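A.B. asks: Here it is, the structure in full.
The values are calculated or read from the model by the stated rules, or taken from the named source; none is laboratory data. Quick caveat, the model's predicted, so the values are computed rather than measured. Neighbour counts run over all protein chains shown; Cβ positions are idealised from the backbone, glycine included.
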Amino acid sequence: MNSFETCNWFAYKNNMINGTNFTSYILAAGQGKRMKSALAKPLHKIGGMAMLSWVIKTAQHAGSSQLCVVTSPHAQDMVDYIQNSHETCQIAIQDTALGTGHATKIAHAAMEGRDNPILVLFGDTPLITSETLAKMADAITKGADICVLGFETASPTGYGRLKTNEEGRLIAIIEEADASEAEKAITLVNAGVMALSPDFANSGLQSLENGNAQGEYYLTDLVAIAETQGLKIAYEIAQEAELLGVNSRTDLAKAEAALQDRLRQAAMENGVTLVAPETIFLSSDSVIEADVIIEPHTVIAGRCHIRCGAHIKSFSHLEDADVGNDAIIGPYARLRPGTILGNAVRIGNFVETKKAVFEDGAKANHLSYIGDAQVGAKANIGAGTITCNYDGYDKFKTEIGQGAFIGSNTALVAPVTIGDGAIIGAGSTITKSVSPDDLSLTRAPQKTLGGGGTSFRNKKKAKDQ
Ligand code: UD1
Ligand code: MG
């Protein structure tokens, strides 16, 4: 399965929207200065996934078969990321940030010759939904030359204002820097997303000029150009919540909060019980099946698969882990990447697992580290067991057979194999493999001095006097 299929959010939404096929231009060449980050802004993550990937996957889900991301020449990290994670996406470089219209022109040149609707999206607006994008593309299929996405807001400052005529038709978008006081009072604003017919993209983008307050080529000027040419201008209205643009770390936290709400909602609608959902953090790439119960203060990160009937108790942290049916995890468990748990496995408090396979019914209930290990069905690992998998240079594997019993406070020095049904005595340091059904222990002999406690105390008291 690829990440698109395993993504919890898109998996929940299952099928592609059966709408218009369109081409996406994703503008992401801005500097993102307010993030104060060495990382390109669209690569910052929400729900464990880069904002850019949210935009790309949402567009693909809505029916975009071709995509082009516009980046700056200084964002090598973004080029590498797109080539590794979205190999079907084209990349166009905008040498100087001369405005959204200029960036769109560069994408259009890179994607020459397409004849389906074009959607212009921003790399820092990750919450936009596929339903909204599909509506925009449909407007073009239904005959509009240009379709703008707007929303009503109580605080329009900074946004382009949607200017309508007496009949309520959109005739222009006025940028904040160019707006009169009367225009600034308009509360219907431009979200940034725009849909264009391929014909109008060919002619309109060529007509853009930069004679405005910011000296930029504004994409938004396409509306006035379409109006003077008597073309059909449409606009759609969306909810402000899905149009949050991320410019700062504060915005990033707001976007994360909004996305977490969506992921929790999707999980609950799919039959997952979230006890105190607001304290549970989910990742977009995790799949959580029906009848899983997740208790408060739990983090499900990366690509987890939590299967039907599993119970994740409070304060557990799971990352890239596969949890079997009816398994019981935690409280206070940590499942690290490469953990694969069979049915009805139990991982209890303060147990850490990494690259560890537990077959059906195996248990590690207390205070253990199990890494680079294979644990057979119904094996029982006692409190304080450590797989000593690392010598400072290399990692080694521990194999524990079916039904084996590892006594408490045991160090298993890998590479080592404990056979099926073998028993390890508590407190052992096991360096040699143990055959099936053998009992092995290492233990310093216990010495008892009769009355030794009393004589020790008497000696101490005599010294104090
Ligand atoms: C833009 C819109 C404004 C709208 C607002 C919504 C224009 C002229 N204005 O303004 O009407 O209300 O978005 O958030 O379109 N970018 C490039 N190259 C450039 C300039 C920008 O790739 O030369 C990218 C940025 O990385 C960003 C997006 O385009 O992803 C938007 O640019 P930004 O500068 O944030 O536009 P706004 O001034 O917010
Ligand atoms: Mg902006």
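A.B. asks: Quick check on Ile225: is it surrounded by 15 or more Cβ atoms within 10 Å (Cβ to Cβ), more than 9 Å from ligand 1 (Cβ to nearest atom), among the aliphatic types (A, V, I, L, M) and assigned to a strand (DSSP E or B)?
C.D. replies: no
A.B. asks: Among the aliphatic types (A, V, I, L, M) and part of a loop (DSSP other than H, G, I, E, B): is that true of Ala257 in this structure? Can you show your working first?
C.D. replies: Values: among the aliphatic types (A, V, I, L, M): yes; part of a loop (DSSP other than H, G, I, E, B): no.
Here the answer is no, as Ala257 does not meet what is asked.
A.B. asks: Also, I was wondering about something else. Any residue at all in region 126-140 that's within 16 Å of ligand 2 (Cβ to nearest atom) and among the acidic types (Asp, Glu)?
C.D. replies: Initial filter on region 126-140 (within 16 Å of ligand 2 (Cβ to nearest atom)): 126-128.
Checking the rest, the ones that are also among the acidic types (Asp, Glu) come to none.
Checking region 126-140: not a single residue is within 16 Å of ligand 2 (Cβ to nearest atom) and among the acidic types (Asp, Glu).
A.B. asks: Test Thr96 against the criterion of being in a helix (DSSP H, G or I), of a type in the set (S, T, N, Q) and either within 9 Å of ligand 1 (Cβ to nearest atom) or out of contact with any Cys (no Cβ under 8 Å at 6 or more places or on another chain) (or both), and give yes or no.
C.D. replies: No, not satisfied.
A.B. asks: Is one or more of the residues making up region 37-50 more than 22 Å from Ala258 (Cβ to Cβ) and away from ligand 2 (no atom under 14 Å from the Cβ)?
C.D. replies: yes
A.B. asks: A further question follows. Report the residue count in region 292-323 for those that are touching a Pro at 6+ places or on another chain (Cβ under 8 Å), buried (at least 19 other Cβ atoms within 10 Å of the Cβ) and of a type in the set (Gly, Ala, Ser).
C.D. replies: 2
A.B. asks: Regarding region 241-248, can at least one residue be identified that is at negative phi, of a type in the set (Val, Ile, Thr) and more than 16 Å from ligand 2 (Cβ to nearest atom)?
C.D. replies: Within region 241-248, not a single residue is at negative phi, of a type in the set (Val, Ile, Thr) and more than 16 Å from ligand 2 (Cβ to nearest atom).
A.B. asks: Tell me which residues, restricted to region 317-337, are under 18 Å from the mean Cα position of the chain (by Cα), over 20 Å from Asp360 (Cβ atoms) and outside any strand (DSSP E or B).
C.D. replies: Asp320, Arg336, Pro337
A.B. asks: Which of the numbered conditions does Gly32 fail, given that it passes all the others? Conditions: (1) within 14 Å of ligand 1 (Cβ to nearest atom); (2) more than 17 Å from Gly192 (Cβ to Cβ); (3) at pLDDT below 95.
C.D. replies: For Gly32, the exception is condition (2).
A.B. asks: Next up: I need a count of the residues in region 226-253 that are without any contact (Cβ under 8 Å) to a residue 60 or more places away in the chain and aromatic (Phe, Trp, Tyr).
C.D. replies: 0
A.B. asks: Check off (1) without any contact (Cβ under 8 Å) to a residue 40 or more places away in the chain; (2) under 24 Å from Leu149 (Cα atoms); (3) of a type in the set (A, V, I, L, M) for Val275 and give me the number that stays unchecked.
C.D. replies: (2)
A.B. asks: Further question: Report the residue count in region 163-212 for those that are acidic (Asp, Glu) and either within 16 Å of ligand 2 (Cβ to nearest atom) or under 36 Å from the mean Cα position of the chain (by Cα) (or both).
C.D. replies: 3
A.B. asks: I'm trying to understand the selection: among the residues of region 75-92, which are outside any helix (DSSP H, G or I) and touching a residue at least 24 places away in the same chain (Cβ under 8 Å)? Step through it out loud before you land on a result.
C.D. replies: Here is the first cut: in region 75-92, the ones outside any helix (DSSP H, G or I) are 75, 86-92.
Within region 75-92, Ala75, His86, Cys89, Gln90, Ala92 meet the criteria.
A.B. asks: What do you reckon, is Asp320 under 23 Å from Asn409 (Cβ atoms), touching a Lys or Arg at 6+ places or on another chain (Cβ under 8 Å) and in the same structural domain as Thr273 (by TED's automatic domain parsing)? Full working, then the answer.
C.D. replies: Details: under 23 Å from Asn409 (Cβ atoms): no; touching a Lys or Arg at 6+ places or on another chain (Cβ under 8 Å): yes; in the same structural domain as Thr273 (by TED's automatic domain parsing): yes.
When the stated conditions are applied, Asp320 does not pass them.
A.B. asks: On to the next question. Working only within region 120-165, note down all residues that are more than 19 Å from Asn202 (Cβ to Cβ) and hydroxyl-bearing (Ser, Thr, Tyr).
C.D. replies: Once the filter is applied, which keeps residues that are more than 19 Å from Asn202 (Cβ to Cβ) and hydroxyl-bearing (Ser, Thr, Tyr), region 120-165 yields Thr125, Thr129, Ser130, Thr132, Thr153, Ser155, Thr157, Tyr159, Thr164.
A.B. asks: Scan region 175-213 residue by residue and report those that are crowded, with 21+ Cβ neighbours inside 10 Å and of a type in the set (Val, Ile, Thr).
C.D. replies: Hits for region 175-213 are Val189, Val193.
A.B. asks: A follow-up question, please. Suppose we filter Tyr218, Tyr159 for residues that are within 19 Å of Glu236 (Cβ to Cβ) and either over 33 Å from the mean Cα position of the chain (by Cα) or not basic (Lys, Arg) (or both); which single one remains? Reasoning before the result, please.
C.D. replies: Details: Tyr218 fails: within 19 Å of Glu236 (Cβ to Cβ).
That would be Tyr159, the only listed residue that is within 19 Å of Glu236 (Cβ to Cβ) and either over 33 Å from the mean Cα position of the chain (by Cα) or not basic (Lys, Arg) (or both).
A.B. asks: Of the conditions (1) within 30 Å of Ala50 (Cβ to Cβ); (2) touching a strand residue (DSSP E or B) at 6+ places or on another chain (Cβ under 9 Å); (3) among the hydrophobic types (A, V, I, L, M, F, W, C), Ile328 fails just one. Which one is it?
C.D. replies: (1)
A.B. asks: So, one more: Working only within region 79-99, note down all residues that are more than 18 Å from Ala50 (Cβ to Cβ) and surrounded by 16 or more Cβ atoms within 10 Å (Cβ to Cβ).
C.D. replies: Scanning region 79-99 gives Ala92, Gln94, Leu98, Gly99.
A.B. asks: Now for a different question. Got a number for residues in region 293-316 being part of a loop (DSSP other than H, G, I, E, B), over 14 Å from Val345 (Cβ atoms) and among the aliphatic types (A, V, I, L, M)?
C.D. replies: 0
Residues are listed down the side, and each one gets a yes or a no for (1) in the same structural domain as Pro331 (by TED's automatic domain parsing); (2) surrounded by 17 or more Cβ atoms within 10 Å (Cβ to Cβ); (3) assigned to a loop (DSSP other than H, G, I, E, B); (4) touching a residue at least 60 places away in the same chain (Cβ under 8 Å):
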site	(1), (2), (3), (4)
Leu367	yes, yes, no, no
Ile370	yes, yes, no, no
Tyr393	yes, no, yes, no
Ser408	yes, yes, yes, no
Asp420	yes, no, yes, no
